[in-house]
Amino acid sequence: MNDILEVKDLKKHYPGVKAVDGVSFTIKEGSCFGLLGPNGAGKTTTVEIMEGITRQSSGEVLYRGNPIGRDFKQEAGIQFQSTALQEFLTVNETLRLFKNLYKKSMDLDELIGVCALRELLNRDTRNLSGGQKQRLLLAIALINDPNIVFLDEPTTGLDPQSRRNFWELITSIKKRNKTIILTTHYMEEASELCDEVAIMDSGKIIAIGTPGELLEAHFNDVLIQIPEEDFIINLDSGDFKITHKPGKIIIHSDNLHDTLRLLGERNVNLSRMEIRSRNLEDLFLELTGNDLRA
Amino acid sequence: MKRFLAIFHARNIEFFRDKSALSWNLILPFFLVFGFAFLFSDEAREIYKVGLIGESPEIYDSKTDFFRLKQIQFIKIADLEKAINKVKHHQLDMVIKNDGDIHYWINSSSVNGHILERVLKGSELKTIAALNYQKQTVDGKQVRYVDWVLPGILAMNIMFSCLFGIGYVIVRYRKNGVLKRLKATPLTAFEFITAQIMSRLILIVIITAIVFFGSDLFIHFHMIGSYFLLFLVFTLGAFCLISLGLIVAAKTTSEELANGLLNLISWPMMIFSGVWFSLEGSPDIVIIIAQFMPLTHIIDAARAIMNDGAGITEIYPNLLALTVMSIAFTTIGSMMFRWER
């Protein structure tokens, strides 16, 4: 795959704040690139510079090897983190309004089908639920049949069902060979959708790669979780690397077979044990030392 | 052009579906026109208020013509002390008590009181009649005060609709992120601004025409000039005022600040542009300042057309001033315009 977008040493400084502080990465055409990080990490600012909405202090953004210019808006679809639509218009009128702002556009009927808006066409946009509004905003982002789609925290505030429905939508868009740039602070979302992720904190990228590569590079263990009352071993024995959570003991094991055997020999009740692999959230916490800042 | 039309169409839909705003934009001007027409109709126009203690005005009638002047509203009041208190607070211009002799009270700081005193005394000075005063009447169709004030009321309504209509909408769009969303599209600031101006302009012209002809059915305005010229003056004037509103809306993100700024612009115009009274005899500085106000030129030109039948040659200085101001305001507004906070 060719690189469709290249970000080179991007900086955005406000008085007293380095919102973006020397960020560089490339995005492959047709991939889904995730920009992860807590609130205030600088991911929205980075994305808005890439979109051409915000001007950078220094650095550059190249689209197919050239600095992004005015025509980039014809090629890009954008869904902001929070936005309002013109009032008193129906879903259908809103779609037609945005359709007429672009030279080329996707077939409206097809778009309405893809984003599951058919039942909502005559509804005033002020009367849409959170999930319905996000689907409309996604349809607006796709209306010009863009090569590259920016989705800034598109599922924030949605209930789990709406979020999963939205993920299915994104997956179907990926299949149309669109390049997707997704910012999120939901690690599960990034795992589900992204081919490559960059983790940002305090305006810098602190890790970048495919989720598998990053997990492999940073972890070689699995986690065994046991209720505290079942873990009757002397904690000072040094046999296990453990961490505590309220009411639970987490055992970090780099050899699951040996650890389970050892626990069995110590007569630990394993009937309520849970085993899981490391995930992006573990990686995020490991790298930033922070909880996710919602 | 496609993008301009899309925004223009969407804004029109928004305006017509916002029933409360639409009805307010239609009903308020009718209220203003009918309200002021009544207030300033010659029949209802009582300039001075005089309290009469104890007795009805009829008893005073035989005393002097003063009590038959239709420009004075006589109000019967029982309690002298209360009446004097009203004079003290400028609620009454004069109080008169008849106990054989006529006693009157005025507030020494009230201009109206002094004038009434002169009229009251003068009406008894029979010698005045002996002087050689010769009354001359003005010929031609009478221009009532309501005919004189109406162009001002129509222009004032256009001003409020232009300034607040465009200013508030754009500030609201910026505040809630509509403008940011539009910025992400190929739409240019010029296309957006012109669509907003044209949408508002057409709506205001339609509403003003409805108010004008609707009110005319009942009030029968004095209109001896060209309807086309009047249309031109109101249209150009509306364009100029919308452009002025754009300057306020160009960067502002707070509706409260926009409200303050728009009031700061509209109130001096309402006072110094000659909506209510002629600026004849005003201090030079007031007249000079008034020339920099679009409303002054709209009102002067509309009055000249409606009341005097003025043609393009008489009103071209007003049209020129409005054109220059429109270009200046639009240029400044476009240069200052920001999509985002």
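No value in this document is a laboratory result; all are computed from the given coordinates. Nothing here was measured: the structure is a model prediction, and the numbers come from that model. So basically every Cβ, Gly included, is an ideal-geometry build from the backbone, and we count neighbours across all protein chains shown.
Observations, loosely collected:
- Summed side-chain charge close to residue B:191 - residues other than residue B:191 whose Cβ falls under 11 Å, Lys, Arg +1, Asp, Glu -1: +2
- Averaged over A:135-144, number of beta-carbon atoms from partner chains that fall within 10 Å: 1
- Top positive-direction residue, dipole computed over the range B:275-341 with Cβ charges, set B:298, B:313, B:325: B:325
- Charge sum, other residues only, whose C-beta stays under 11 Å from residue B:92's C-beta, Lys/Arg counted +1 and Asp/Glu -1: +3
- FRET efficiency for the residue B:23 to residue B:282 pair, using the beta carbon distance and R₀ = 60 Å, is estimated at 0.95.
- Peptides ranked, highest mean first, by Cβ atoms within 10 Å: ranges A:97-107, B:146-156: B:146-156, A:97-107
- About the centre of its Cα atoms, the range A:220-277 shows a dipole size close to 160 debye [charges on the beta carbon of Lys, Arg (+1) and Asp, Glu (-1) only; nearest 20 debye].
- The mean count of C-beta atoms from other chains within 10 Å of the C-beta of residues in B:172-184, rounded to a whole number, is 5.
- Modelled FRET efficiency - R0 22 Å, residue A:18 with residue A:287, Cβ distances, 0.05 increments: 0.75
- Projecting the Cα atoms of B:4, A:206, A:220 onto the dipole axis of the protein assembly as shown, where Lys and Arg carry +1 and Asp and Glu carry -1 at the beta carbon, places B:4 farthest toward the positive end.
- Computed helical MRE - 222 nm, chain B, DSSP H runs ≥ 4 contributing -39500 (n - 2.57), nearest 500: -22000 deg cm²/dmol
- Contact order relative to length of chain A, as percent, for alpha carbon pairs under 8 angstrom and 6 or more apart: 21
- Each listed q (0.06, 0.11, 0.12 Å⁻¹) maps to a log10 I(q)/I(0) for the protein assembly as shown, found by the Debye formula over equal Cα scatterers with no solvent: -0.55, -1.11, -1.22.
- Modelled this way, with points 7 Å down the Cα-to-C-beta line, the labels at residue B:254 and residue A:29 are 4.9 nm from one another.
- Neighbourhood net charge (11 Å Cβ-Cβ; Lys/Arg +1, Asp/Glu -1) for residue B:51: +3
- Average partner coverage of A:73-85, which counts Cβ from other chains inside 10 Å: 4
- Given their separation in residues at 0.36 nm each and the Cα-Cα distance between them, residue A:124 and residue A:60 gain 19.0 nm when the chain is fully extended.
- Only one residue of A:4, B:110, A:155 has its Cα farthest out toward the positive end of the dipole of the protein assembly as shown, where Lys and Arg carry +1 and Asp and Glu -1 on Cβ, and that residue is B:110.
- Springs join every pair of Cα atoms under 10 Å in this Gaussian network model of chain B, and among B:81, B:191, B:14 the largest mean-square fluctuation is at B:81.
- Percent of Cα pairs in the range A:3-216 per distance bin of 10 Å, from zero to the largest separation: 8, 35, 36, 18, 3, 0.
- Descending Cα extents along the principal axes, the range A:210-281, whole Å: 39, 25, 23
- Relative to the Cα centre, the charge distribution of the protein assembly as shown, modelled as +1 at Lys and Arg Cβ and -1 at Asp and Glu Cβ, gives a dipole magnitude of about 1440 debye.
- Cα centroid separation, the range A:68-114 to the range A:187-232: 35 Å.
- Residue-wise HN-Hα coupling along the range B:191-200, computed from phi with Karplus coefficients 6.51, -1.76, 1.60 (Hz; x: Gly, Pro): 4, 5, 5, 5, 5, 5, 5, 5, 4, 5
- Of all DSSP-defined beta bridges confined to the protein assembly as shown, some 60% are antiparallel rather than parallel.
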